[in-house]
Amino acid sequence: MKILVTGGAGYIGSHVAKKLAESGHDVVIIDNLVKGHREAVLQGKFIEGDLADKGLLDRIMREEEIEGVIHLAAYSLVGESMEKPGMYYENNVANGLNLLEAMVKNRVRYIVFSSTAAVYGEPLEIPITETHPAVPANTYGESKLFFEKILERYDQIHDIRYISLRYFNAAGADSSGKIGEAHDPETHLIPIVLEKALGRRENLYIYGDDYPTADGTCIRDYIHVEDLADAHILAVKALKDGLDSRIYNLGNGEGYSVKEVINTAGEVVGKEIKAEIGERRPGDPAVLVASSEKIKKELGWEPLYPDLKQIIESAWRWHKGGGFRGND
Ligand code: UDP
């Protein structure tokens, strides 16, 4: 299939684009490079552009004869979304609408959407299944939930079929060593811990140790970015094969506390990584762990790297290698 990947120069998008190309699809990437990296585009045709540009989207769909879309272009920082909500609604909702309208106009019928566990808000029960109420606690999660609602309508009215993938905590890096996580500024736990281990960062703070968990720190479900990417390939194929629209969680079903992550990272790098206890971060639920039984059962998805140590090892190879600077 010929597939347009929006945000294909970003962390998850670059891994998705690589796997798509490796599994025989034709890939066209659009990315405005605000968060993405040109060096992260390893395969396919690259178009530097913004989803605010309706004319460009229409032209790409038509001239490239796009058959399906994987939509990852978005802002994704919880903290920022609570300071600048307009930025999130504009990019994650309004710009996404431009994409859908261009799809309608050019009769592109399939879309895989990059959603998030943040749509659930504070969980009522663990593990979280897809039927858990979606009551987002922040603008980021809400912007993604709004877009899921819009997808539902476009399916009903315009016959665009979608699969929405609600990611838990993406982590790790591609085994090639050529792409990995590189945010600026970095806010995610595993890269921050590894930067601290490399001496590239002075302080590592644990955001609160008074949560109602065994060691008092927050528990998350970390999923290898390559396993996430595989799910997108399965989802595109399922849509093409006639599956109707639906939502899937993506996680390993195993939760690790912040302290466990830091200790495991210490084992990987071979030395203790020192952390200080800081304030809680607003909007952080104590525990987020996925049930991914639905996608396992229906699409046969199975994570290849479910083990936290393996995930951190792959991230460590990437960070030790210097990230994109190491590819210069
Ligand atoms: N966290 C932390 N220190 C940091 C960064 C993150 O203690 O410097 C915690 C954060 O509060 C959360 C977990 O690590 O409980 C994962 O955070 P991350 O930002 O990686 O992902 P999120 O869960 O927000 O998607």
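The values are calculated or read from the model by the stated rules, or taken from the named source; none is laboratory data. Quick caveat, the model's predicted, so the values are computed rather than measured. Here the Cβ is made from the backbone with ideal geometry for all residues, glycine too, and neighbour counts use every protein chain on show. Heads up: the accessible areas ignore ligands, DNA and RNA and are worked out on the full protein's heavy atoms, side chains in. Shrake-Rupley method; radii C 1.70, N 1.55, O 1.52, S 1.80 Å.
Tell me the per residue accessible area of the chain using a 1.4 Å probe; a whole number in Å² is fine.
Per residue, the chain has 44 Å² of solvent-accessible surface.
Compute the distance from the alpha-carbon center of region 210-234 to that of region 288-307, in whole Å.
12 Å
Any idea what the dipole of the chain comes to, in debye rounded to 20, about its Cα centre with Lys/Arg Cβ at +1 and Asp/Glu Cβ at -1?
560 debye
Would you please give the residues with an amide H less than 5 Å from that of Val5, counting only those at least 5 places away or on a separate chain, with H modeled from the backbone geometry?
Val28, Ile29, Ile30, Ile70
Sequence-distant or interchain residues sharing an amide H contact under 5 Å with Thr116, placed H: which?
Counting only residues 5 or more places away or on other chains, the set is Tyr167.
Carbon and sulfur: what percent of region 206-328's accessible surface (1.4 Å probe)?
Reported share for carbon and sulfur atoms: 47 percent.
Rounded to a whole number, what % of the accessible area of region 104-163 do carbon and sulfur atoms account for, probe 1.4 Å?
Ligands and nucleic acids excluded, carbon and sulfur give 51 percent.
Relative contact order for region 148-270 using alpha-carbon pairs under 8 Å, separation at least 6, rounded to a whole percent?
Over region 148-270, the number comes to 36 percent.
Let me have the 222 nm mean residue ellipticity of the chain computed from DSSP H runs of 4+ only, each contributing -39500 (n - 2.57), with the sum over all residues rounded to the nearest 500.
Rounded to the nearest 500, it is -11000 deg cm²/dmol.
Ranked highest first by average number of other Cβ atoms within 10 Å, how do 253-262, 152-161, 218-227, 180-189 line up?
Going by the mean number of other Cβ atoms within 10 Å, highest first, we get 218-227, 253-262, 180-189, 152-161.
Can you find, among Val289, Ala229, Leu77, the residue sitting farthest towards the positive end of the charge dipole of the chain, where Lys and Arg contribute +1 and Asp and Glu -1 at Cβ?
Ala229
Within region 60-136, which GluC sites (Glu not before Pro) sit in a loop by DSSP and count at most 14 neighbouring Cβ atoms inside 10 Å?
Glu65, Glu125
Order the peptides 241-250, 312-321 from the highest to the lowest mean number of other Cβ atoms within 10 Å of their residues.
312-321, 241-250
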